[in-house]
Structure formats: structure tokens, C-alpha cells
1. Looking at (1) within 17 Å of the chain's Cα centre (by Cα); (2) over 22 Å from LEU85 (Cα atoms); (3) open to solvent by less than 80 Å² (accessible area, probe 1.4 Å); (4) not basic (Lys, Arg), can you tell me which one LEU43 breaks?
2. Considering (1) farther than 25 Å from LEU6 by Cβ; (2) not in a helix (DSSP H, G or I), say which one PHE37 fails and leave the rest.
3. Residues of the stretch 52-74 being more than 15 Å from LYS4 (Cβ to Cβ), of a type in the set (Val, Ile, Thr) and open to solvent by 70 Å² or more (accessible area, probe 1.4 Å), which ones?
4. Looking only at the stretch 19-31, decide whether some residue is open to solvent by less than 100 Å² (accessible area, probe 1.4 Å), hydroxyl-bearing (Ser, Thr, Tyr) and either under 20 Å from LEU80 (Cβ atoms) or in contact (Cβ under 8 Å) with a residue 24 or more places away in the chain (or both).
5. Looking at VAL79, VAL49, VAL2, which is the one that is outside any helix (DSSP H, G or I), among the β-branched types (Val, Ile, Thr) and surrounded by fewer than 14 Cβ atoms within 10 Å (Cβ to Cβ)?
6. Does ALA87 fit the bill of being of a type outside the set (Val, Ile, Thr) and loosely packed, with under 14 Cβ neighbours inside 10 Å?
Amino acid sequence: MVEKALFIIIILRIFSGSVDITAAMLMYKFNDLEKAFYINTLLALVGPVVLIITTGIALFGLAEKISATRMICLFAGIVLILFSLKAK
């Protein structure tokens, strides 16, 4: 039996992958660089949101098993990943 938190993470990742595949098919269908750029920009919003949600669910599910120090380090790592995406 799959844990509830793990099942939600799996569903979110399947959704995220489906959005990526759908975006690729739309880019191919429109065959326009400007529209492809716009679609890709929208994908840039989906990725970090899914990362934050899935990580939050995982940490909530592991809260009893992970020390507070380790949880802080994980959140700091996520913040650094998101910061590096915005850095020039």
C-alpha cells in the first residue's frame, strides 16, 4: 500500500509531466517560435510550484522522522534552487 503523501506526490508529478508533454505538442501544432516562447514561459511557472508543493508534502509526511536541523537544511536548499533560477 502506498502512503497518502507519496500518492499525492506521484499524482502531482504525473500532472506536471502531462503539462510538459501537452506544451510540447502545442508548440509543434502552432509551429511558431513566438507562441512556443510564450508556452515555455508558462511552463517556467509550473515547475517551481510543483517542486515547492511536492517538497512540502514530503516534509510534512516525514516530519516525525526528520530532525528540525535537517528540515531547515532541506528548505534552505529549495530556496537556493529557486534563487538560482532567478539569478542572472
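1. Result: LEU43 passes all but (2).
2. (2)
3. Passing the criteria: ILE52, THR69, ILE72.
4. no
5. Answer to the check: VAL2.
6. So ALA87 passes the test.
The values are calculated or read from the model by the stated rules, or taken from the named source; none is laboratory data. Here the structure is a predicted model, which means the values were calculated and not measured. Note: ideal-geometry Cβ built from the backbone for every residue, glycine included; neighbour counts use all protein chains shown. To get the accessible areas, we keep the full protein, side chains included, count just its heavy atoms, and leave off ligands, DNA and RNA. Shrake-Rupley method; radii C 1.70, N 1.55, O 1.52, S 1.80 Å.
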